[in-house]
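Report on the structure given below.
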Amino acid sequence: MLAKRVATQQLYLDWNATTPPAPSVLEAMDAARPLAWANPSSVHSAGRAARRLVEDTRERLAVLLELHPRDIVLTGGGTEANNLALAHAPGLALSRLEHPSVVRVAEQLADAGRPVAWLPVSPSGQIEVDGVRERCQHLPAGSWLAAMLVNHETGVVQPLEALARVAQGLGLKLHCDAVQALGKVDLAPLIHADSISVAAHKLRGPKGVGALCLRANAEGVVPVPRPVLRGGSQERGFRPGTQDAVAIAGFGAALERLSKHQEGLEGVRELRDGLERALTARAQVSGAGAPRAPHVSNLRFAGWRGDELVAALDLEGICVSAGSACSAGTLEPSPVLAAMLGPEAASSGVRFSLGEDTQAADIERVIQVLGRLVSGD
Ligand SMILES: Cc1ncc(COP(=O)(O)O)c(C=O)c1O
């Protein structure tokens, strides 16, 4: 009986889809609850107490990204932040590596007749910087280039600094989706981005809260996003709607423990590399030739469709995913793998994303289960 329970114990290796809230985050949210129920826009003392929690988180994020707190727009998550950054762009350059919350915006812009440039992608999963200039010649002044820092499916780190140089030469502003980057990789390249999207739930914070962070240029001019939602003057009118001060307090606590989060991932690179080494004969690693975040492995197993292997692993109690969580259940091939490797590879990826809590024994279990599944024993 005990053996059976151990064998089916759930093993969560889908930390890129979302992360379990950290105990300190849950404690901060509980502590905030008696104060944070009030409307942070109310001028009375109850409102001011809620407001303080909102402003504390804003300041923490501003310090982390070396920005002015005024230029942090709190949103309902990463999707909203990306939409807010780009939905009214006069023109946009991006690649098929971007998250659907960027790609769908680009498609909408194109439908509305705005110029959109699709950037070339290398087989290792990076935007090809050399091909950017040629594709962007037709973009009007004030257009944006969108490039994420860490890819959600492969963990590949994009050459943000080089892209920023090209964008600057072309007079384009740079938007960076850093949702998968905080707590995972060096954030220094974000200094080159005019706007940055982040989401709390990818760094052990709560769902439904994130931010669009705006950076002043050398002349001190800050990009002015056009609101997607219409309403009151919360978040300076850029994102109207009453803020959820409890969730925002949780976001603040997640930011406070960010260095711990990153430290916790140090051993994870070894585990991830060990997983890949053990499976060399059976699987190919997507993005292996590029710099990658330490915790992600996107593997393709010969003869297996990604969604089938995900289902087989789920029966063994192992939670992983094929493609991004937002496309899960759609059976659509991965646009990221398609852009890198073509249509055949697009249906075969399985993403293992590890976290602070992942142990060597977990990886041993995955290797053992995969060995059995893919060899058909
Ligand atoms: C790279 C990237 N951008 C944006 C998002 C969307 O963030 P949210 O789930 O907070 O809307 C995600 C979530 O999967 C993501 O991985």
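The values are calculated or read from the model by the stated rules, or taken from the named source; none is laboratory data. Only a predicted model underlies this, so the values are computations on that prediction, with no experimental measurement involved. Here the Cβ is made from the backbone with ideal geometry for all residues, glycine too, and neighbour counts use every protein chain on show.
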message: Based on this model, can you work out whether ALA146 counts as in contact with an Asp or Glu (Cβ under 7 Å, 6 or more places away or on another chain), under 14 Å from ALA117 (Cα atoms) and in contact (Cβ under 8 Å) with a residue 12 or more places away in the chain?
response: yes
task: Confirm whether LEU139 is modelled with pLDDT of 95 or more, in the same structural domain as ILE196 (by TED's automatic domain parsing), more than 23 Å from SER348 (Cβ to Cβ) and in a loop (DSSP other than H, G, I, E, B).
output: yes
- prompt: Restricted to segment 169-188, and to residues that are outside any loop (DSSP other than H, G, I, E, B) and within 15 Å of the ligand (Cβ to nearest atom), which residue is nearest to PRO223 (Cα to Cα)?
  reply: HIS175
query: Mind checking which pairs have a first residue in segment 101-115 that is over 18 Å from ASN151 (Cα atoms) and a second that is more than 16 Å from the ligand (Cβ to nearest atom) and among the acidic types (Asp, Glu), Cβ under 8 Å, 6 or more apart or different chains?
result: none
- prompt: Does segment 273-320 hold any residues that are in contact (Cβ under 8 Å) with a residue 24 or more places away in the chain, closer than 21 Å to ARG372 by Cβ and among the basic types (Lys, Arg), and which are they?
  reply: ARG282, ARG300, ARG305
Residues within segment 358-377 that are touching a strand residue (DSSP E or B) at 6+ places or on another chain (Cβ under 9 Å), over 17 Å from ARG269 (Cβ atoms) and not charged (D, E, K, R), tallied: 4
query: Only one of these conditions is not met by ASP30: (1) outside any helix (DSSP H, G or I); (2) free of Cβ contacts under 8 Å to residues at least 60 places away in the same chain. Which number is it?
result: (1)
- prompt: Given the residues GLU153, GLU134, GLU128, which is the only one that is in contact with a Ser or Thr (Cβ under 7 Å, 6 or more places away or on another chain), of a type outside the set (Ser, Thr, Tyr) and more than 16 Å from the ligand (Cβ to nearest atom)?
  reply: GLU128
- prompt: Only one of (1) more than 21 Å from GLN9 (Cβ to Cβ); (2) surrounded by 22 or more Cβ atoms within 10 Å (Cβ to Cβ) fails for VAL268. Which number is that?
  reply: (1)
- prompt: Would you call ALA293 within 16 Å of the ligand (Cβ to nearest atom), modelled with pLDDT of 95 or more and touching a strand residue (DSSP E or B) at 6+ places or on another chain (Cβ under 7 Å)?
  reply: yes
task: Spot the failing condition for ARG226; the list is (1) farther than 29 Å from GLN359 by Cβ; (2) touching a strand residue (DSSP E or B) at 6+ places or on another chain (Cβ under 7 Å), and only one is missed.
output: (2)
message: Condition (residue is surrounded by fewer than 22 Cβ atoms within 10 Å (Cβ to Cβ), at positive phi and more than 20 Å from the chain's Cα centre (by Cα)) applied to segment 104-126: is it met by at least one residue?
response: yes
query: Just checking, which of LEU187, LEU182 is more than 11 Å from the chain's Cα centre (by Cα) and assigned by TED's automatic domain parsing to the domain that holds LEU109?
result: LEU187
